[in-house]
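For reference, the structure discussed in these notes is given below.
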Amino acid sequence: MVTGGQPLNGTIPISGAKNAALKMMCAALLTDQSVYFENAPNSLRDMNSQTELLEYLGCAVKREGHLMAINAGPIDTLTAPYDIVRKMRGSILVLGPLLARFGEAKVSLPGGCAIGTRPVDMHIKALEEMGAEVEIDEGYIHAKAPKGLHGAKILFPKVSVGATENLMMAATLAKGETTLANAAREPEIVDLAACLIKMGAKIRGAGTDTIRIEGVRKLDGAHHFILPDRIETGTYMVAAAMTGGSVRLQNARIEHLSAAIGHLSQTGIDIDQDGQDILVSRDPNTPLKAIDIMTEPHPGFPTDLQAQFMAMLTIAEGAGLVTETIFENRFMHVPELNRMGANITVQGNSAIVRGVEKLKGAEVMATDLRASVALVLAGLVAEGDTTVNRIYHLERGYENIVGKLGDVGAQIRKA
Ligand code: EPZ
């Protein structure tokens with residue numbers, strides 16, 4: 001439950017990036033040696049689901065605070081079952097590594113989810129181009145490459161974070177060179193490549209739209225420090241912008257948020273950098289100005305911050321246009337925000353958000369991670385109490401959100 005009206009002041013430590021950590025856990029499947037991670041986000045449901053999957057496959061996973069050690073020496077099955085995969089789509093990322101190392105993998109199709117149908121056709125087609133024989137049977141992707149994968153020139157028809165990562169990992173153990181063209185350029189991909197390179201992989205170009213991987217015979221163990229979560233950072237920047245006050249986001253990476261920061265600055269808030277920290281402040285008496293945003297693959301504006309920015313626009317001066325180009329159904333927060341008094345009209349993949357003077361607390365419910373956090377943000381500025389139901393969505397991706405917001409002055413508690 002959130003009681004609105006408190007400006008936020010103080011320091012929020014930023015956790016390691018969930019969407020990098022989940023993929024690096026899969027990278028550990030590429031070797032029989034131990035891989036050690038520092039700055040792994042703690043107590044996240046998605047991290048627990050990935051741990052459950054790796055343990056099911058036979059890996060030894062040790063976790064202590066933000067440290068994680070994975071040993072995929074003793075793998076005893078190559079099947080990722082529906083019951084675990086359905087909890088989190090990120091588990092499709094075991095496909096490339098298992099196939100590359102063992103020549104076979106059987107992974108449940110993840111199915112659709114609240115934000116869209118989210119097919120995995122590009123993952124499958126690209127693996128076929130690398131020599132895999134793939135059959136879809138009874139909801140499972142069954143991929144075989146008895147003679148191993150071979151290098152290929154892959155041109156993705158659309159930019160996909162997951163397909164780029166799955167193929168980059170698979171190509172590390174393939175025979176010959178693989179080129180991934182029209183690759184995704186997210187910072188999490190650069191960090192995954194850095195981790196793989198420490199394991200002995202030969203990768204060039206991560207962070208550009210063309211990645212080249214020269215296959216090696218085997219990979220080794222490594223130590224890697226996971227980069228800070230740019231979406232968590234952006235979420236708390238929006239929280240500070242909405243409530244007013246002055247917040248220090250500790251151990252963040254400002255260069256990973258260029259598009260979001262460019263837009264945020266136009267709303268009239270101050271953003272500064274102090275070493276590895278980002279300082280965000282707004283005088284509560286200066287109103288926020290409305291802006292337009294359109295989601296795009298990195299380095300464009302991230303879809304994972306769209307709902308949070310929309311929550312901010314509900315109380316900005318003027319009208320803003322929000323256009324979602326990545327997922328076909330990522331406006332589930334709109335009816336809930338409107339129940340809190342927002343004025344949002346959806347037309348196709350765009351939403352017009354007309355700023356209102358005040359939001360009013362309400363009982364709300366969300367169906368995905370970023371939509372849930374947008375409702376928490378709205379609750380921080382709404383009059384009265386907001387109860388956000390189904391907070392397990394929040395717990396998938398925000399480490400200790402109640403504690404972190406509470407420490408900077410928010411009135412928030414887990415019911
Ligand atoms: C990752 O999902 C993130 N998840 C998402 O974050 C994020 O929203 C998304 O990238 C875009 O930035 C993780 O990293 C675990 P895509 P991913 O493949 O890899 C279509 C969050 O809130 N597509 O880049 O699944 C797809 O349907 C989550 O933390 C195909 O058509 O996203 C979408 O429209 C939500 N065929 C577009 O591409 C394919 O084979 C981009 O998806 C693959 C994708």
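General remarks:
- Restricting segment 141-153 to residues that are more than 16 Å from the ligand (Cβ to nearest atom) and part of a strand (DSSP E or B), the residue that is least open to solvent (accessible area, probe 1.4 Å): 142
- Matching entry among 315, 326, 352 (being more than 16 Å from the ligand (Cβ to nearest atom), open to solvent by 10 Å² or more (accessible area, probe 1.4 Å) and under 20 Å from residue 234 (Cβ atoms)): 315
- Residue match in segment 50-62 (condition: within 14 Å of the ligand (Cβ to nearest atom), of a type in the set (S, T, N, Q) and under 12 Å from residue 21 (Cα atoms)): yes
- Selected residue (only one of 214, 232, 177 is out of contact with any helix residue (DSSP H, G or I) (no Cβ under 6 Å at 6 or more places or on another chain), within 30 Å of residue 408 (Cα to Cα) and touching a residue at least 12 places away in the same chain (Cβ under 8 Å)): 232
- Complete set of residues in segment 394-413 that are within 19 Å of the chain's Cα centre (by Cα) and either under 10 Å from residue 9 (Cα atoms) or open to solvent by less than 10 Å² (accessible area, probe 1.4 Å) (or both): 397, 398
- All positions within segment 358-387 that are within 16 Å of the ligand (Cβ to nearest atom), open to solvent by less than 20 Å² (accessible area, probe 1.4 Å) and of a type in the set (Val, Ile, Thr): 373, 376
Yes/no per residue for (1) modelled with pLDDT of 95 or more; (2) under 22 Å from residue 96 (Cβ atoms); (3) under 15 Å from the mean Cα position of the chain (by Cα):
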{"site": "8", "(1), (2), (3)": "yes, no, no"}
{"site": "14", "(1), (2), (3)": "yes, no, yes"}
{"site": "17", "(1), (2), (3)": "yes, yes, yes"}
{"site": "25", "(1), (2), (3)": "yes, yes, yes"}
{"site": "40", "(1), (2), (3)": "yes, yes, yes"}
{"site": "54", "(1), (2), (3)": "yes, yes, no"}
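- Count of residues meeting criterion [surrounded by fewer than 23 Cβ atoms within 10 Å (Cβ to Cβ) and either more than 8 Å from the ligand (Cβ to nearest atom) or not in a helix (DSSP H, G or I) (or both)] in segment 86-99: 3
- With respect to the conditions (1) more than 18 Å from the chain's Cα centre (by Cα); (2) surrounded by fewer than 24 Cβ atoms within 10 Å (Cβ to Cβ); (3) assigned to a helix (DSSP H, G or I); (4) of a type outside the set (Asp, Glu), residue 259 lacks only one, and its number is (1).
- Filtering segment 270-293 to residues that are over 24 Å from residue 357 (Cα atoms) and open to solvent by 80 Å² or more (accessible area, probe 1.4 Å) leaves 272, 273, 276.
- The set of residues from segment 38-78 being surrounded by fewer than 17 Cβ atoms within 10 Å (Cβ to Cβ) and part of a strand (DSSP E or B) comprises 38, 60, 62, 63, 64, 67.
The values are calculated or read from the model by the stated rules, or taken from the named source; none is laboratory data. This is a predicted model, so every value here is computed, not measured. Note that each Cβ is placed from the backbone with ideal geometry, even for glycine, and that neighbours are counted across all protein chains shown. All accessible areas refer to the heavy atoms of the entire protein, side chains included, with ligands and DNA or RNA removed. Shrake-Rupley method; radii C 1.70, N 1.55, O 1.52, S 1.80 Å.
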